[in-house]
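Please treat every number below as a calculation from the coordinates, not as lab data. Since the structure is predicted, the reported quantities are computational estimates derived from the model, not experimental observations. Ideal geometry is used to build each Cβ from the backbone, glycine not excepted, and the neighbour counts take in all protein chains shown.
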Amino acid sequence: MTEKIRADLEAVLSKRVTAIEPIPEGHSGFTYFVDAEGAAGPTRYVLRLPPPGARIAGPADVVRQGRIMAALHEAGLPTPAVPLIVDQPVVDGRPFILMERVDGVRIEKTAQEQKPIDIAANAIEVLKRLQALPLDRTGLGDEDAIGLKVEMMRWAMLMQRAPEELTTRAGEFGGLLAGQVPVERRPTLVHGDYHYGNMLFRGADVVAVLDWEIAQIGQPLLDLGCLCIVAIRRQYQGAPNPGGAISVSVEELYRLYGVDAGEMRWFAAMSLYKYASIFGYNLMLHRKGRRPDPMYEGLTDTIVGMIDEGITLLDTGA
């Protein structure tokens, strides 16, 4: 496959592609480092493709992701430059985006070298900058805002496809969420999966926010909820948890953002519901051989625990 990708890229770039290397990190999408040699010298890119044969919509719509990152980069926000966005089936019969490689390191190394509170503070500072951006500069300005009831139903549909033995209390959890939907704020850009594992760092500074697969215009506290999940998941010892080495409590995250714990209660619970549904759905795909990834077998206790945690949070108002 890589030889086919190489030949197609050379035809588009008019450069000699000297290497194509799959990027092992992450659990979605088809992403490669691409080394190319042109008149200006060698350049390393990052190539993003949808899965072969996938319907180009939702998380598989790499062109939409490229449009978002290009708009944010132009606005001075930490996303990669995207010099090439091709919406036609060109590379291996698929549309693609070609990003410039960002000089940064992943959270696993950053967590060993920087103070957790500094990492969290920088992540929240970038989040607030993203949310302050006018909607017409996000790359999604022509899309309608997604309300909280629609957001909740999106993940409820995914939860229904998770293994039943793990989601016996999901209906109870969903009912509590539906009965306590808060008043909505002004819509902003929402990344949708805003956690340290989707960032690159230089020191404690966030130099790139990646993986805009489920971005939308919606409620800003949803992304703060994503960061809270990293903290909450630390209680599930031994389970995979991107950014789990960052020991920053949800209370510290609320303080850094400037939000009351009472207002965040529903959003923290919504994030527990959302990630339980995502993990459960991906576990189902793994077990059926449709998207093999053994990581999700290590998340069974996490899925059950997150549902229980969310019910407790909404039942007690803690």
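Within the set of other residues whose C-beta is less than 13 Å from the C-beta of R161, count the net charge using Lys and Arg as +1 and Asp and Glu as -1.
With Lys, Arg at +1 and Asp, Glu at -1, the neighbours total +4.
Share of Cα-Cα pairs in the range 2-100 beyond 18 Å, in percent?
Counting pairs separated by more than 18 Å, the tail of P(r) holds 45 percent.
Whole percent per 20 Å bin, from 0 to the bin with the longest distance: what is P(r) over all C-alpha pairs of the chain?
Per 20 Å bin, starting at zero, the Cα-Cα P(r) for the chain comes out as 31, 59, 9, 0 percent.
Under a point spin-label approximation (7 Å from Cα along Cα-to-Cβ), what is the A81-Q180 distance to one decimal in nm?
Modelled inter-label distance: 4.7 nm.
Determine, from the Cβ-Cβ distance of R169 and K115 and an R0 of 25 Å, the FRET efficiency 1/(1 + (r/R0)^6), rounded to the nearest 0.05.
Efficiency, rounded to the nearest 0.05: 0.10.
Express in nm, to one decimal, how much length is gained between E37 and Q237 on full extension, taking 0.36 nm for each residue of separation and deducting their alpha carbon distance.
The span from E37 to Q237 would gain 67.4 nm if fully extended.
Calculate log10 I(q)/I(0) of the range 143-269 for q = 0.18 Å⁻¹, where I(q) comes from the Debye formula with a single equal point scatterer on each Cα and nothing for solvent.
-1.21
Given the C-alpha atoms of the range 221-274, compute the convex hull and give its volume per residue in Å³.
76
Give the residue list of trypsin sites (Lys or Arg not before Pro) in the range 287-318 that are DSSP loop and have at most 14 other beta-carbon atoms within 10 angstrom.
K288, R290
What is the Cα coordinate range of the range 88-222 on the first, second and third principal axes, sorted by size from largest, in whole angstrom?
So the extents along the principal axes, rounded to whole Å, are 44, 44, 36.
Would you calculate a helix-derived [θ] at 222 nm for the chain, using -39,500 (n - 2.57) for each DSSP H run of n ≥ 4 and dividing by the full residue count, to the nearest 500?
-13500 deg cm²/dmol
With each label point set 7 Å from Cα along the Cα-Cβ vector, what nm distance links R287 and D308?
It is 1.9 nm.
Which whole-number percentage describes the relative contact order of the chain, with Cα contacts under 8 Å and a sequence gap of 6 or more?
Contact order relative to length: 17 percent.
Using a basic spin-label model with each label point 7 Å from the Cα along Cα→Cβ, how many nm lie between A57 and M295?
2.6
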